[in-house]
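Note sheet for the following structure.
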Amino acid sequence: MKDNEKLGSFLIGVFIGGLIGSVAALLFAPISGKQLRRKIKDKTEEIVEDAEELYHTGKEKAEELYNEGRKKAASIAQDVKKIVSN
């Protein structure tokens with residue numbers, strides 16, 4: 001479980017670092033205001049798409065872990081019932 005937490009923290013760090021780096025690069029680039037606004041809009045759309053992808057990936061992983069946990073809990077419950085009935 002700690003590995004999953006570390007992976008999640010790492011991905012969030014990468015995402016935030018990429019966001020900060022992208023904004024800094026756009027702001028310090030020698031371009032006109034119109035071009036800058038267009039680049040910011042495009043970059044924002046990319047970031048939103050990336051965030052949605054991360055959300056869906058995380059949701060799928062959470063569902064997998066939940067289902068795996070349910071199966072293990074059911075197996076343990078069956079084992080306990082067998083022990084109690086004997």
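The values are calculated or read from the model by the stated rules, or taken from the named source; none is laboratory data. Just so you know, these numbers come straight off a predicted model, no measurement behind them. Neighbour counts are summed over all protein chains in view; Cβ atoms, including those assigned to glycine, are modelled from backbone coordinates with ideal geometry.
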The one condition residue 74 fails out of (1) at pLDDT 90 or above; (2) within 26 Å of residue 7 (Cβ to Cβ); (3) not polar (S, T, N, Q) is (2)
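Can you work out which of the residues in the range 51-86 that are small (Gly, Ala, Ser) and under 10 Å from the mean Cα position of the chain (by Cα) is farthest from residue 12 (Cα to Cα)? Write out each step before concluding.
Initial filter on the range 51-86 (small (Gly, Ala, Ser)): 51, 58, 62, 69, 73-75, 77, 85.
Going one step further and asking which of them are under 10 Å from the mean Cα position of the chain (by Cα), we end up with 51, 58.
On the way: 51: 10, 58: 11 Å.
The qualifying residue farthest from residue 12 (Cα to Cα) is 58.
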Looking at residue 48, is it closer than 15 Å to residue 12 by Cα and not charged (D, E, K, R)?
yes
Within the bounds of the range 5-15, is there any residue that is touching a residue at least 24 places away in the same chain (Cβ under 8 Å) and in contact with a Gly (Cβ under 9 Å, 6 or more places away or on another chain)?
yes
Could you tell me which numbered condition residue 5 fails, if it satisfies all but one of (1) surrounded by 10 or more Cβ atoms within 10 Å (Cβ to Cβ); (2) within 20 Å of the chain's Cα centre (by Cα); (3) acidic (Asp, Glu)?
(1)
For the structure I just gave you, tell me whether residue 27 is over 23 Å from the mean Cα position of the chain (by Cα) and among the hydrophobic types (A, V, I, L, M, F, W, C).
yes
Take residue 26 and decide whether it is touching a residue at least 60 places away in the same chain (Cβ under 8 Å) and not hydroxyl-bearing (Ser, Thr, Tyr).
no
